[in-house]
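Each reported figure results from applying straightforward, stated rules to the coordinates on display, with no laboratory input. Computed from a prediction, not measured in an experiment: that's the story for all the values here. Counting neighbours? That spans all protein chains shown, and the Cβs are built from the backbone with ideal geometry, glycine included.
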Amino acid sequence: MNVSLCKHSHPCQPPLGSITRPGPCVDCGTSWGAVQDELARQQQALILGTVRTGECPDCAQVKKLFRFQAEEQPWHEFGVQLPITFLCIDCWNTAAASENAFTAALFESV
Ligand SMILES: [Zn+2]
Ligand SMILES: [Zn+2]
């Protein structure tokens, strides 16, 4: 696997890109989609590697908990750690859905 040490800087301003479709990294040319795919793979590995049993903070039931972290978006400052919580699969799905709804609403308002 090709490990890139590039921190990636994707233009969100026309004509190079937009907030919904940032252009390729200005340093190494990696496309936004390729970076997102790689991040999704890493996130999945991280989630599956950190499964624990405990009390879900949302529904207070003792269940298998999965790592949940809000998705990084192009307008987030690089290197800012988004809060991490451990949720049961039901609450995880709810959180992911509301996050997507939030993102979709935001994009629609642009
Ligand atoms: Zn790059
Ligand atoms: Zn829960």
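Could you work out how far helix 32-49 tilts from the main Cα principal axis of the chain, as a 0 to 90 degree angle to the nearest 10?
The angle comes out near 20 degrees.
Rule-of-thumb check for the chain: C-alpha Rg over 2.2 N^0.38 Å?
Scaled against compact globular proteins, the figure is 1.23.
Could you give the size of the charge dipole of the chain about its Cα centre, using +1 on the Cβ of each K and R and -1 on the Cβ of each D and E, expressed in debye and rounded to the nearest 20?
Dipole about the Cα centre, nearest 20: 280 debye.
Stretch D58-D90 to full length: gain in nm at 0.36 nm per residue minus the Cα-Cα span? Don't skip to the end; give the middle numbers.
Working: separation 32, 0.36 × 32 = 11.52 nm, distance 0.97 nm.
Gain in length upon complete extension: 10.6 nm.
For the chain, what is the mean residue ellipticity at 222 nm derived from helices alone (per DSSP H run of n ≥ 4: -39500 (n - 2.57); sum divided by total residues; nearest 500 deg cm²/dmol)?
Theoretical 222 nm ellipticity from helices: -12000 deg cm²/dmol.
Mind ordering 6-14, 41-49 by average Cβ neighbours within 10 Å, highest first? Write out the running numbers ahead of the final one.
Numbers: 6-14: 13.9, 41-49: 11.2.
Answer by packing, highest mean first, reads 6-14, 41-49.
Counting only C-alpha contacts under 8 Å and six or more residues apart, can you give the relative contact order of segment 1-49 as a whole percent?
Dividing the mean separation by the residue count of segment 1-49 yields 24 percent.
Of the peptides 29-36, 52-59, how do they stack up when ordered by the mean number of other Cβ atoms within 10 Å, highest first?
On the way: 29-36: 14.4, 52-59: 12.9.
Those peptides, ordered most packed to least, come out 29-36, 52-59.
With an 8 Å cut-off on Cα pairs and a minimum separation of 6 or more residues, tell me the relative contact order of segment 50-109 in percent.
Relative contact order here is 30 percent.
Can you give the FRET efficiency for Q13 and V80, using 1/(1 + (r/R0)^6), R0 = 25 Å, r = Cβ-Cβ distance, to the nearest 0.05?
So the FRET efficiency works out to roughly 0.80.
Under 8 Å for C-alpha pairs, at least 6 residues apart: give me the relative contact order for the chain, rounded to a whole percent.
16
Based solely on C-alpha atoms, express the radius of gyration and the Dmax of segment 50-109 in angstrom.
13.2, 39
Working from Cα positions, state the angle (0 to 90°, nearest 10) between the long axis of helix 89-109 and the longest principal axis of the chain.
Result, in degrees: 30.
Which values, in whole Å and largest first, are the semi-axes of the equivalent ellipsoid of segment 18-79 obtained as the square root of 5 times each eigenvalue of the Cα gyration tensor? Each step should come with its number before you reach the end.
Numbers: eigenvalues 202, 35, 13 Å².
So the three semi-axes of segment 18-79 are 32, 13, 8 Å.
Taking the Cβ of L48 as the centre, find all other residues whose Cβ is under 14 Å away and add up their charges (Lys, Arg: +1; Asp, Glu: -1). All intermediate terms of the calculation are to be shown ahead of the outcome.
Numbers: positive: R41, R52, K64, R67; negative: none.
Spelling it out: positives minus negatives among the neighbours equals +4.
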